[in-house]
Structures are given as structure tokens and as C-alpha cells.
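Below is one structure, written out as C-alpha cells, with a few remarks after it.
Just so you know, all these numbers are worked out from the coordinates, no wet-lab data involved. All of these numbers come straight from a predicted model, not from anything done at the bench. Glycine gets a Cβ as well: all are built from the backbone with ideal geometry, and neighbour counts include every protein chain shown.
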Amino acid sequence: MSDHALLRYCPDLLAYNRRKTREVLVGKVGIGGGNPIRVQSMITSDTRDTPACVAEVLQLAEAGCEIVRITAQTKIYAANLENIAREVRAAGCDVPLVADIHFKPDAALEAAKWVEKVRVNPGNYADKKKFEIREYSDEQYAEELERIREEFAPLVDLCKSLGRAMRIGTNHGSLSDRIMNRYGDSPLGMVESALEFARIAREMDYHNFVFSMKASNPKVMIEAGDEQAV
């Protein structure tokens, strides 16, 4: 990589400068702003197995983990977060819990009742992957964005009212057909996928969210993060 390319990601090779960001509170744990990088991990037990999940959360917290993520594939899994959260708190542990949501808006709405943060993927929260190739007119694209708003707004409302945080996490491997057809399989598509959801949240005066960009190719991930930060 040339020096010019390096400087795109690192303005000064000899001095560290942290970008200014808004602090987002996950329970009582701050992310961004002037906070240190937080230690986060994810449990592996079946979310329906309350004792096993609680034991893992407590072990992670004892090891120094500051935020713990739990998968919630469906509404049934998400509903058991109530029991997990209650027993974790009863054990004297206040580590914030995060629900990892895939595909199911109803699971996200259920999870937000019980945990401090909800993670959604814009590529599959309101869209189903069909691998269709089509051209969207501006009017059709706007109609799709309105449909997404209808799906996403209830979660924003709930998180805002309960003081929950949200992670809008784009995955390069699961961009929606709509994004793929307009922006291609690209870092820009990853960024725009996240920003579509962020614009809805901000228009609803909800700002307690963070972004994440994930790709198997590190160069794609770095470029997406760089584009998003501009």
C-alpha cells in the first residue's frame, strides 16, 4: 500500500488522534465519546436455557467483560431474555446485555423490553434476500424506504421510550437486493444501508445508537468504516 493510501486511513503516522463521537450509553456503560474501548463478548448457550446463559454471563463479567451479547433468533428466544436478565441482576451483576437480532422485527421488539441494547442488521431486518436484479426508479426506491420506516419505527419508538441503545450493524455478505442493485456489492452500499436506518432514527429524535461495519475482506471493512466516518 502506498504512503498516500495509508494516509487516507491514518492522517499522521506518528501521532494518534481519536475522532470525536457522541457517547452512547448501554445501561450505565458508555461507548464512544471519551470512553475507553469496551470489552464485549457473546455467550454460546441456547438462549432458551436460562441457567446456562446466566452462568456464561456471570463468568464473562467476572473475567472483565463489560458488555455481553446474546442471540435472539425468534420472539420465543427473545422472550426468555426476561428470565436471563432477572437472574443475572439477582446475582448482583449489572453488566449490560445485548440482543443479537436476525431477520425478525418481532424478536427485536420483544428483546428491547428486557435488555439494554438491541443489534439489528439493516440488510435483513425489513428485507428478504431474493437475489433479484432490477432497476429502481427514484419513486420506487422512496416507496421501499417508506416500507422500511414502517417496519423499523416501532423499534425506534420502543428503544427511545425505554432508554435502550441500538447497534445498526451492516454485514457485507447480507446487503439487501435493493442496496445491491443501486450501490453494488461495495463499501458504499454497506454505508448507505446503515445510514438509511440512521436517518429514520434521527428523524424520530433517537440518537442512542452505534454503527458497525463487518466484512470478511479487511480492506472492504476498513474502507466502509472510513467512508462512514467522513
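Annotations
- Filtered residues of segment 25-35 (kept if over 12 Å from PHE209 (Cα atoms), touching a strand residue (DSSP E or B) at 6+ places or on another chain (Cβ under 9 Å) and not in a strand (DSSP E or B)): GLY27, GLY33, ASN35
- Top-ranked residue of segment 63-101 - restricted to ones that are touching a strand residue (DSSP E or B) at 6+ places or on another chain (Cβ under 8 Å), assigned to a helix (DSSP H, G or I) and of a type outside the set (Gly, Ala, Ser), ranked as surrounded by the most Cβ atoms within 10 Å (Cβ to Cβ): ILE84
- Any hit, segment 124-140, residues being touching a residue at least 24 places away in the same chain (Cβ under 8 Å), in contact with a strand residue (DSSP E or B) (Cβ under 8 Å, 6 or more places away or on another chain), on the phi < 0 side of the Ramachandran plot and in a helix (DSSP H, G or I): yes
- One residue from ILE179, ILE200 being surrounded by 15 or more Cβ atoms within 10 Å (Cβ to Cβ), closer than 30 Å to VAL29 by Cβ and among the β-branched types (Val, Ile, Thr): ILE200
- Hits in segment 188-217 - residues which are in a helix (DSSP H, G or I) and within 15 Å of THR170 (Cα to Cα): LEU188, GLY189, MET190, VAL191, GLU192, SER193, ALA194, LEU195, GLU196, PHE197, ALA198, ARG199
- Per-region count, segment 141-170, residues loosely packed, with under 14 Cβ neighbours inside 10 Å and either without any contact (Cβ under 8 Å) to a residue 12 or more places away in the chain or touching a strand residue (DSSP E or B) at 6+ places or on another chain (Cβ under 9 Å) (or both): 6
- Count of residues meeting criterion [free of Cβ contacts under 8 Å to residues at least 40 places away in the same chain and either within 24 Å of HIS102 (Cβ to Cβ) or aliphatic (A, V, I, L, M) (or both)] in segment 52-70: 12
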